[in-house]
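Any read-out appearing in this document is the output of simple, stated calculations on the displayed coordinates, not a laboratory observation. Worth saying up front: this structure is predicted, and the values here are computed from it rather than measured. Counting neighbours? That spans all protein chains shown, and the Cβs are built from the backbone with ideal geometry, glycine included.
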Amino acid sequence: MTESKGSIQGSKNEHRIMFYGLSTCIWCKRTRQFLENQGLSFDFVYVDLFHGQEREELVAEIRQWNPAISFPTIVVDNKQCVVGYKPDELKEALGL
Amino acid sequence: MSEEITIPPEKIDALHKRLDQEAEASGYHLNPDQEFTRGLVEGLLVNEQRYGYRACPCRLAAGEKQKDLDIICPCDYRDPDLLDWGACYCALYVSDEVMQEKREIQSIPERRPPEGERPQDQPARAPEQPGERPALPVWRCRVCGYLCAREKPPGVCPICKAKKERFERFW
């Protein structure tokens with residue numbers, strides 16, 4: 001079962017990581033797996049599991065970082081964003 | 001608010017098999033990574049239950065068919081993405097080069113334009129006046145005569161399976 005949103009507690013807490021994904025997307029699944037395997041703490045939300053106003057608010061949040069509203073979108077420290085399954089870019093953004 | 005849709009494994013397997021047969025019969029290939037592809041097929045079935053059509057599992061569907069027409073699988077962007085990246089956006093479909101392990105797939109940029117500029121918002125019409133150019137180039141397969149109107153010829157002719165080099169600009 002996919003939870004629509006939540007937090008993962010890992011051993012690495014240096015960065016504030018927000019993961020926006022779709023519950024049906026396999027690239028999103030890989031990206032989340034990568035974050036978990038790296039032992040990172042992060043918040044996640046699956047936008048396709050929300051409707052109406054709640055979904056619109058999430059989409060507006062993502063649009064600020066990624067106008068294409070594509071998935072996964074990962075926002076690091078409210079400063080930078082990585083779009084897609086990009087382990088190398090994530091490592092760089094997270095200093096791994 | 002959340003929802004829970006569970007697809008029985010045999011339904012996923014049946015669609016996986018059918019899509020694979022259909023792809024191979026028309027010169028396309030499903031991603032040979034079985035686990036990856038199975039996940040995408042499951043996503044297609046989830047979206048079919050949610051929306052009534054198989055919207056791309058890796059895109060956020062609006063839930064209104066007219067707005068989502070371009071992302072119903074196979075999407076309007078599959079073929080150009082196969083040519084440029086070796087895989088479609090979600091990577092359900094891959095190119096010959098990927099099948100032959102000459103190219104690796106990756107997460108690719110979104111090609112879908114913003115709302116208002118999508119294919120369903122500006123349909124390509126045939127020329128109405130003599131001498132007017134078509135909205136899209138027309139390509140002809142020199143082997144079997146198959147004609148198609150699109151930016152670039154297909155990687156493989158869906159009729160006779162000739163490769164893209166065998167296509168010529170017809171109009």
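Before moving on, here are some points about what is shown:
- Rough spin-label spacing in nm, given labels placed 7 Å along Cα→Cβ, for A:Asp43 and B:Lys11: 3.4 nm
- Residues of type lysines that B:Lys11 reaches as a straight line, Cα spacing below 29 Å, ignoring anything fewer than 8 places off in the same chain: A:Lys5, A:Lys29, B:Lys65, B:Lys67
- Normalised by 2.2 N^0.38 Å, with N the number of residues, the alpha-carbon radius of gyration of segment B:88-171 equals 1.34.
- Between the alpha-carbon centres of segment A:38-84 and segment B:116-134 there is a gap of 36 Å.
- Cα-only Debye scattering, segment B:1-132: base-10 log of I(q)/I(0) at q = 0.21, 0.22, 0.23 Å⁻¹: -1.30, -1.38, -1.44
- Under 20 Å from the Cα of A:Lys79 - aspartates and glutamates, other chains or at least 8 residues apart: A:Glu14, A:Asp43, A:Glu57, A:Glu61, A:Asp88, A:Glu89, A:Glu92
- Each peptide in B:46-59, B:124-137 was scored by the mean count of other Cβ atoms within 10 Å over its residues; highest first, the order is B:46-59, B:124-137.
- Relative to the current alpha-carbon distance between B:Tyr51 and B:Lys161, full extension at 0.36 nm per residue lengthens the span by 36.2 nm.
- Residue with peak Gaussian network fluctuation, chain B [Cα springs, cutoff 10 Å], from B:Arg140, B:Arg18, B:Arg150: B:Arg18
- A Förster radius of 41 Å, combined with the Cβ-Cβ distance separating B:Asp121 from A:Ser11, puts the computed FRET efficiency at roughly 0.30.
- The mean sequence distance of close C-alpha pairs (under 8 Å, at least 6 residues apart), as a share of the length of chain B, puts its relative contact order at 16 percent.
- Kirkwood Rh in Å, taken over all unlike Cα pairs in the protein assembly as shown: 20.1 Å
- Nearby lysines by direct alpha-carbon distance to B:Lys161 (threshold 18 angstrom, same-chain neighbours under 8 apart not counted): B:Lys152
- Gaussian network model of chain A, Cα within-10 Å springs - most flexible of A:Ser11, A:Ser41, A:Ser70: A:Ser11
- Degrees between helix A:52-65 axis and first principal axis of chain A (Cα, 0 to 90, nearest 10): 40 degrees
- Length-normalised contact order of chain A in % [C-alpha pairs under 8 Å, at least 6 apart]: 33 percent
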